[in-house]
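The values are calculated or read from the model by the stated rules, or taken from the named source; none is laboratory data. These numbers were taken from a predicted model, which means no experiment stands behind them. When we count neighbours, we look across all protein chains shown, and the Cβ atoms used for this are built from the backbone with ideal geometry, even at glycine.
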Amino acid sequence: MKTLALLLAFLAQDNEDHATLASAKAEPAKFAQGEVVKLRFEIAVDKDFHIYPARPQTATLETVFELPPEVYPAGPIENPPTKRHKDAHTEYDYIEGTAVFVVPVRIFAAPGAFAIKGRVKGQACDAKQCFDMDLPFEIAVTVLENPGPRVKALSVKVEKAEAKNGEAVKVAFELEIPEKWHIYPAVKPIFGKPTLFEFGSKAEVRGTIEEPKPKRHKDNILEYDYHEGKATITVPVALREAEKGSVTVRGAIAYQICDPNQCVDNATPFSFTLKSLGGADVPAQAGGAQKDASKEAAKREGEKGLVYLLLLAIGGGLVSLIQPCVFPLLPITITYFVKQGEGSRPRTFTLAMLYGAGIVVSFTGLGAIFTAALGADGPRIFASNPWVNVGVGVLFLYFTFSLFGLYEIALPSFITGRLAGGGPKQGYGGAFLLGLLFSIVTFTCTIPIAATLLLVAASSEYRWIGFVAMFVYSVTMALPFLFIGLAPGLLKSVPKSGGWLHTVKVTMAFVELALALYYLSKADVVWGLGILSRTVMIAVWVALLAVTALYLLGTFRMRGDDEQPVPLGVSRMLCGVTFGVLAVFFASSFAGHSLGLLEVMLPPAPAGSQIAGGPEPGQQMFETLEPALAEAKQTGKPVFIEFTGAS
């Protein structure tokens with residue numbers, strides 16, 4: 001298979017180095033035992049010479065990284081951009097100039113200082129001949145003790161001793177999970193990170209993973225499948241293109257191990273030997289259990305994000321209804337409907353329905369215009385552009401001070417005067433027009449909430465979610481008018497306006513302030529300033545939540561509150577206690593506890609911490625597109641392009 005490359009090497013006339021190791025380093029240089037580490041090698045190739053990528057090719061010898069036994073591969077090697085040679089006899093990829101390889105590994109050495117000693121081997125060739133490349137390296141790192149428990153691999157049993165390249169062989173991993181801890185399934189977990197089997201460049205998973213039926217946990221909060229005790233998971237493994245003979249396959253089992261109070265990412269190394277019978281490799285099967293699991297997980301996360309945004313739209317509509325410039329319109333508008341209905345309930349209901357339709361059309365139209373203007377590139381802009389995030393943060397600060405009563409936001413008088421003019425609005429057409437004017441009349445109170453929804457929707461992967469969010473938001477506000485129009489007697493049960501409306505407005509101001517800081521922190525992350533770090537943001541959010549709780553519990557008053565303290569009712573007390581509980585929950589993150597879904601509101605955790613962000617176990621990240629495409633072409637796997645991180 002490598003006949004041409006071996007012949008060229010044999011015919012070489014000298015052992016001169018035509019490729020040198022410019023640098024070798026670990027990122028990070030200090031890490032927990034078993035954590036994924038990227039070894040970065042920069043190789044300088046002489047002019048008119050080239051080397052080969054770190055993957056098998058028919059006509060060449062690939063670049064190989066020999067590592068000590070404590071170091072295990074944690075996924076495919078990230079190759080530098082390659083060029084393609086093709087003539088009547090051969091076809092292969094090669095690399096010229098400076099080549100940067102990134103080798104993901106997990107290191108299971110004892111805690112303390114550790115030297116990663118090894119060699120980079122391969123060939124450096126010009127148009128006439130090839131020379132052996134043998135570059136020694138040593139990388140000094142510090143291994144920290146992993147605080148989490150580790151699953152034991154009691155045995156690794158291979159179905160048969162030999163196989164052709166590309167032929168799937170079942171490998172049974174007998175695992176022992178520590179008492180009182182559990183891991184999640186390898187195939188389609190409904191919650192948590194799937195258990196993954198990582199291989200280097202010599203082998204890969206091909207086919208469906210078999211595992212025992214997991215146990216099911218279900219309570220009022222969570223539902224998930226899990227394995228505990230002993231579990232045997234059978235993985236179909238195929239050798240990638242290799243010479244005939246014995247092949248030692250090394251890798252790691254990556255998993256999230258949890259008890260009732262916490263979850264920790266960890267890994268367990270493994271190795272087994274399989275004899276290669278040679279033969280041409282076959283393309284990786286499309287799909288595969290673990291890739292399907294990743295797709296399912298991504299799909300579930302996207303669906304969850306959509307559901308949360310729609311719930312936020314409903315909540316925003318309900319909060320808007322109890323704003324000072326919206327809530328008093330309920331009795332006034334319904335009285336107008338009853339009078340126009342002239343005693344006919346069907347006519348009164350129709351008027352209310354048309355009024356509600358006007359509300360929906362006005363706000364939904366705003367969502368459609370915003371979505372169309374933003375374009376398909378909107379999610380990336382809002383997620384990664386620091387100037388956009390600063391602008392959004394300043395806009396939320398503007399809303400915040402308005403809700404605190406320092407000033408009022410209003411449309412220009414020439415717009416409101418022209419739209420609201422034209423005499424009395426009567427009849428069915430008049431009711432619909434009044435509904436359209438609802439957004440103008442209530443602009444001061446609704447624009448902070450409506451704009452918040454639009455800006456949150458702008459960073460969603462769903463193209464028309466802004467339109468949908470505003471539709472749900474406006475329908476939520478229109479429904480009370482419709483219900484009371486259907487049964488005007490319900491108007492008697494609506495609480496009277498009072499100081500509690502101003503309390504709602506001030507509470508929303510604190511929420512807007514928290515959102516302003518959230519967007520400013522996103523810009524801080526991209527610029528790497530470290531001003532609004534994770535610790536600072538937690539402290540600020542805890543302070544805001546605590547102050548909001550104290551305000552709702554009546555310990556102090558804000559500008560615009562009634563001179564006489566508002567009685568502390570059950571609803572206000574429950575809201576105050578809720579904000580207090582949230583403050584304590586956020587404060588728990590100081591001790592390293594994950595905030596779950598609320599983690600997205602905070603800057604990334606420091607590298608190496610148990611709650612640090614990053615790729616799922618077994619996933620490979622590339623910093624540039626070219627090597628990702630090259631690896632995808634070689635392995636037959638799809639490429640996911642992440643636009644939303646700091647760049």
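E296 passes every criterion in (1) touching a Gly at 6+ places or on another chain (Cβ under 9 Å); (2) modelled with pLDDT under 60 apart from (1).
When region 211-253 is filtered for residues that are exposed (fewer than 14 other Cβ atoms within 10 Å of the Cβ), touching an Asp or Glu at 6+ places or on another chain (Cβ under 8 Å) and not in a strand (DSSP E or B), only G229 remains. For region 111-134, a residue qualifies if it is free of Cβ contacts under 8 Å to residues at least 40 places away in the same chain and either assigned to a loop (DSSP other than H, G, I, E, B) or outside the structural domain of L61 (by TED's automatic domain parsing) (or both), and exactly one does: K128.
Would you say K496 is at pLDDT below 70 and within 26 Å of F404 (Cα to Cα)? It is true that K496 is at pLDDT below 70 and within 26 Å of F404 (Cα to Cα).
When Y255 is tested against (1) at pLDDT 90 or above; (2) among the hydroxyl-bearing types (S, T, Y); (3) farther than 29 Å from S589 by Cβ, just one condition goes unmet, and that condition is (3).
Quick grid of which residues meet (1) buried (at least 19 other Cβ atoms within 10 Å of the Cβ); (2) over 34 Å from the mean Cα position of the chain (by Cα); (3) not assigned by TED's automatic domain parsing to the domain that holds K121:
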site: P136; (1), (2), (3): no, yes, no
site: V158; (1), (2), (3): no, yes, yes
site: N165; (1), (2), (3): yes, yes, yes
site: E176; (1), (2), (3): no, no, yes
site: I183; (1), (2), (3): yes, no, yes
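The condition (being part of a loop (DSSP other than H, G, I, E, B), at pLDDT 90 or above and either within 26 Å of D265 (Cα to Cα) or touching a Ser or Thr at 6+ places or on another chain (Cβ under 8 Å) (or both)) is satisfied by just one residue among P76, P69, P104: P69.
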